[in-house]
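Beneath this line is the structure, given in structure tokens, with notes to follow.
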Amino acid sequence: MFLMMGWCHRYTIFDGLLCGCGGLALIRMPSIVGLIISNRLEMRATASSRSELAIPFITYSEKTGFQLNPEAEQFLREIPEQKHVGAISIVGKSRTGKSFFVNRVLLNCRKAGFQVGPSINPCTKGLWIWKKTIPSSTDERLETILIDTEGFGGMDENANHDSRIFLFSLLLTSSFIYNSIGNIDENAINTLNLIINLAKNIESKSGREEDAAQFPSFLWVVRDFTLKLVDTTGRELTSKQYLENALEEQKGNSESVENKNKIRRLFKRYFQERDCITMVRPVEDEKDLQRLDELENSSLRREFTVQVDAARNKIFGGVKAKCINGRKMNGSMFVELIKGYISIINQGALPTVESAWVYVCRGEGLKAVQEAARSTERKIA
């Protein structure tokens, strides 16, 4: 028996945790081990327009559960051991131009990146990775990987599917980009419920408040922005000030106001390093929106291309190595971290930073034993 609160109509269970979509309801339940999965993460290479460098990252099948794609694992393990790994992922609603943003802003390309399309059907299914690291201009030991994710709220997916996409993005990245359209209003903030409640329950599951500091930095990218960045007095605001103003608690004592303020408090707690970027619509002509991947930069609005350059500099200038328990991850350690989270989720449990760290240590210990064995063999020979 369990009590379902709120107004979520679709749900998934992580070891006694009920996660719904819409307004997220989270209720402690009797010990139920199992992940209710009604939809699978379909990882499929589709049109030939997708670059060969864009490959499936984490796959799912009913028989084996979640798995790290062997090609992606090989790519990560081939990153030099002395290099640290930073990971950038982008999430947001379906059909809001996430892949276009990755291609134009992060990869600085048009058709050679992740697949984009003009229809209502999503192009990215599950999680994909760019099979080439991007070196840092400020840290010679840092290599950055890019992860593109399927948009949430797709017509053929449900809340279970969306929560898993968010969960992997939240746990594996050092820079979390949230892509949205329009402006930051109450509805936009409410859509963060899923992310915030996953973060809250990861922390409560571990019982360690310091785990909050290990969540990724948060960059809110507001696309097709048409408002003037000014406050109520007409004073100009930066995009970060715009975000902070939107996160200020509202006045009042009603239950509705308290719920709104709770979202704001939790967001600021779990994403202590946060920023915002606003970007205008890339083109004026509606018809051009359906072929954005074909347009040269010269065909885009000048204001947009300036914002693209500024966004690229901000994102790569701020990316850091993925850290767990204060330890910077290299490629092999990152693989063990991924496998740890996958193993925990496949068992129907909610992952914690501490539990995944065990897998990293286990992998590093096995690696040390193997290296010692090889060294002994060489001496004998």
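The values are calculated or read from the model by the stated rules, or taken from the named source; none is laboratory data. Quick caveat, the model's predicted, so the values are computed rather than measured. Cβ coordinates were reconstructed from backbone atoms using ideal geometry, including for glycine residues, and neighbour counts include every protein chain displayed.
Taking the stretch 218-245 as the range and being without any contact (Cβ under 8 Å) to a residue 12 or more places away in the chain and exposed (fewer than 14 other Cβ atoms within 10 Å of the Cβ) as the test, the residues that pass are LYS228, VAL230, THR232, THR233, GLY234, ARG235, GLU236, THR238. Search the stretch 48-66 for residues being within 19 Å of GLU336 (Cβ to Cβ) and surrounded by fewer than 19 Cβ atoms within 10 Å (Cβ to Cβ), and hand back the single one that is nearest to the chain's Cα centre (by Cα). Looking at the filtered set, the residue picked out is GLY65. The residues on offer are ASP275, ASP309, ASP293, ASP285, and the sole one that is modelled with pLDDT under 85 and out of contact with any Pro (no Cβ under 8 Å at 6 or more places or on another chain) is ASP293. Figure legend. Inter-residue proximity from the stretch 63-74: first residues over 16 Å from TRP128 (Cβ atoms), second residues assigned to a helix (DSSP H, G or I), beta-carbon distance below 7 Å, spacing 6+ or different chains. Indicated pairs: GLY65/ASN346. Looking across ARG77, ARG104, ARG95, ARG40, one residue alone is of a type in the set (Lys, Arg), out of contact with any His (no Cβ under 7 Å at 6 or more places or on another chain) and at pLDDT 90 or above. It is ARG77. The single residue among ILE147, ILE165 that is surrounded by 13 or more Cβ atoms within 10 Å (Cβ to Cβ), in contact with a Ser or Thr (Cβ under 6 Å, 6 or more places away or on another chain) and at pLDDT 80 or above turns out to be ILE147. Comparison of GLY331, GLY326, GLY348, GLY318 shows that the only residue that is on the phi > 0 side of the Ramachandran plot, touching a residue at least 24 places away in the same chain (Cβ under 8 Å) and of a type outside the set (Lys, Arg) is GLY348.
Is it the case that GLN290 is part of a loop (DSSP other than H, G, I, E, B), of a type outside the set (D, E, K, R) and either touching a residue at least 12 places away in the same chain (Cβ under 8 Å) or at positive phi (or both)? When the stated conditions are applied, GLN290 does not pass them. Being under 18 Å from the mean Cα position of the chain (by Cα) and either closer than 12 Å to PHE168 by Cα or among the hydroxyl-bearing types (Ser, Thr, Tyr) (or both) is the filter here, so list the residues in the stretch 328-352 that pass it. Those that are under 18 Å from the mean Cα position of the chain (by Cα) and either closer than 12 Å to PHE168 by Cα or among the hydroxyl-bearing types (Ser, Thr, Tyr) (or both): LEU337, ILE338, LYS339, GLY340, TYR341, ILE342, ILE345, LEU350, PRO351, THR352. Here GLU258, GLU248 are screened, and the one residue that is exposed (fewer than 15 other Cβ atoms within 10 Å of the Cβ), in a loop (DSSP other than H, G, I, E, B) and either modelled with pLDDT of 90 or more or touching a strand residue (DSSP E or B) at 6+ places or on another chain (Cβ under 7 Å) (or both) is GLU248.
Under the condition of being of a type in the set (Gly, Ala, Ser), surrounded by fewer than 20 Cβ atoms within 10 Å (Cβ to Cβ) and either assigned to a helix (DSSP H, G or I) or in contact with a Cys (Cβ under 9 Å, 6 or more places away or on another chain) (or both), the residues counted in the stretch 180-200 number 1. The residues on offer are ARG269, ARG235, and the sole one that is at pLDDT below 95, of a type outside the set (A, V, I, L, M) and closer than 19 Å to ALA188 by Cα is ARG269. Entry remark, the stretch 334-344: residues being surrounded by 20 or more Cβ atoms within 10 Å (Cβ to Cβ), in contact with a Phe, Trp or Tyr (Cβ under 9 Å, 6 or more places away or on another chain) and touching a residue at least 60 places away in the same chain (Cβ under 8 Å) number 4 in total. When you scan the stretch 355-373, do you find a residue that is small (Gly, Ala, Ser), at pLDDT 65 or above and in a loop (DSSP other than H, G, I, E, B), even just one? No, there is no match, as no residue in the stretch 355-373 is small (Gly, Ala, Ser), at pLDDT 65 or above and in a loop (DSSP other than H, G, I, E, B).
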